[in-house]
Amino acid sequence: MNNRLRIALTKGRLQDKSVQLFEKAGMDCAPIRNPGRRLIHSIPNYPLDAVLSKAPDVITYVEHGACDLGIVGKDTILEKGGSFYEVMDLGFGKCRFALAVKEGADFYGTYKYRTIASKYPNVTKAFFAAKGMDVDIIKIEGSVELAPILNLADGIVDIVETGATLKANGLVPIETVAEVSARLIVNTASMKLYKNEILDFISKCEKELSRS
Ligand code: PRP
């Protein structure tokens, strides 16, 4: 095994959890822990280079083969889609997509056309299409909870982790849209070209995950 694999990590919380997993598996992640302004870091004692990027870009890099592997949330996978193998649920970064409305609102009890605000228009569209409901979707870039408060939307589809943000803004979740957690994804060509290296990496991760 002499090919170095390249893995794209989602910056932030998933990056921290990924590093914890790699360290438990015996990889020296000091360079990733002290990144400075550098965006690519080599693990000195394992043939792996880590690329730090934003979630949707993790998928782009893996899909195009710029990276062999990636760690990204299922939320981004559901929203962006793409052509790659999703090989493992890493179990961390757990949260859910939920439909939430203003407390006391009767969302389904009206025939009026509904407007939904979300950072995830594709997930929202698929969710309501599966119910045979045609809704108006407004794309919001962040702090989506504002939309119902400002009467821009009847509800939101957003990530809920603890529920604290919804509660603090007078909203309640009324339905789970999808469960979310971090996933390991693999470029389809890399899977064939570097099968042994990738299987070694996967088995190291699996071993640690089964212990925790
Ligand atoms: C996410 C999400 C909610 C919040 C949920 O926002 O959009 O606002 O976290 O977490 P909670 O259930 O634990 O309160 P993020 O911090 O990613 O920022 P954003 O609102 O700008 O997207």
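Here are some notes:
- Of the residues contained in the range 184-205, none is found to be exposed (fewer than 15 other Cβ atoms within 10 Å of the Cβ), farther than 30 Å from Glu23 by Cα and without any contact (Cβ under 8 Å) to a residue 24 or more places away in the chain.
- Pairs, first touching a residue at least 12 places away in the same chain (Cβ under 8 Å) in the range 157-175, second among the hydroxyl-bearing types (Ser, Thr, Tyr) and surrounded by 14 or more Cβ atoms within 10 Å (Cβ to Cβ), C-beta under 7 Å, six or more apart: Val157/Ser118; Val157/Tyr120; Val157/Thr124; Asp158/Ser118
- Any hit, the range 145-159, residues being modelled with pLDDT of 95 or more and of a type in the set (S, T, N, Q): yes
- Odd one out for Ala126, checked against (1) away from the ligand (no atom under 15 Å from the Cβ); (2) of a type outside the set (Ser, Thr, Tyr); (3) part of a strand (DSSP E or B): (3)
- Candidates Leu5, Leu14, Leu21, Leu9 - the one that is buried (at least 20 other Cβ atoms within 10 Å of the Cβ), touching a residue at least 24 places away in the same chain (Cβ under 8 Å) and over 24 Å from Glu161 (Cβ atoms): Leu5
- Residue in the range 79-88 that is within 16 Å of the ligand (Cβ to nearest atom) and surrounded by 14 or more Cβ atoms within 10 Å (Cβ to Cβ) present: yes
- Flag for Val160 being touching a Pro at 6+ places or on another chain (Cβ under 9 Å) and within 15 Å of the ligand (Cβ to nearest atom): yes
- Of the residues Glu103, Glu145, the single one that is within 12 Å of the ligand (Cβ to nearest atom), over 18 Å from Leu14 (Cα atoms) and among the acidic types (Asp, Glu) is Glu145.
- The condition of being within 11 Å of the ligand (Cβ to nearest atom), of a type outside the set (Phe, Trp, Tyr), under 30 Å from Val62 (Cβ atoms) and open to solvent by less than 50 Å² (accessible area, probe 1.4 Å) holds for only one of Ser118, Ser181, that being Ser118.
The values are calculated or read from the model by the stated rules, or taken from the named source; none is laboratory data. Predicted model only: the values in this text are computed from it and were never measured. Quick reminder, even Gly has a Cβ in these numbers, built from the backbone with ideal geometry, and neighbours come from all protein chains shown. Protein only, heavy atoms only, side chains kept; ligands, DNA and RNA dropped before computing areas. Shrake-Rupley method; radii C 1.70, N 1.55, O 1.52, S 1.80 Å.
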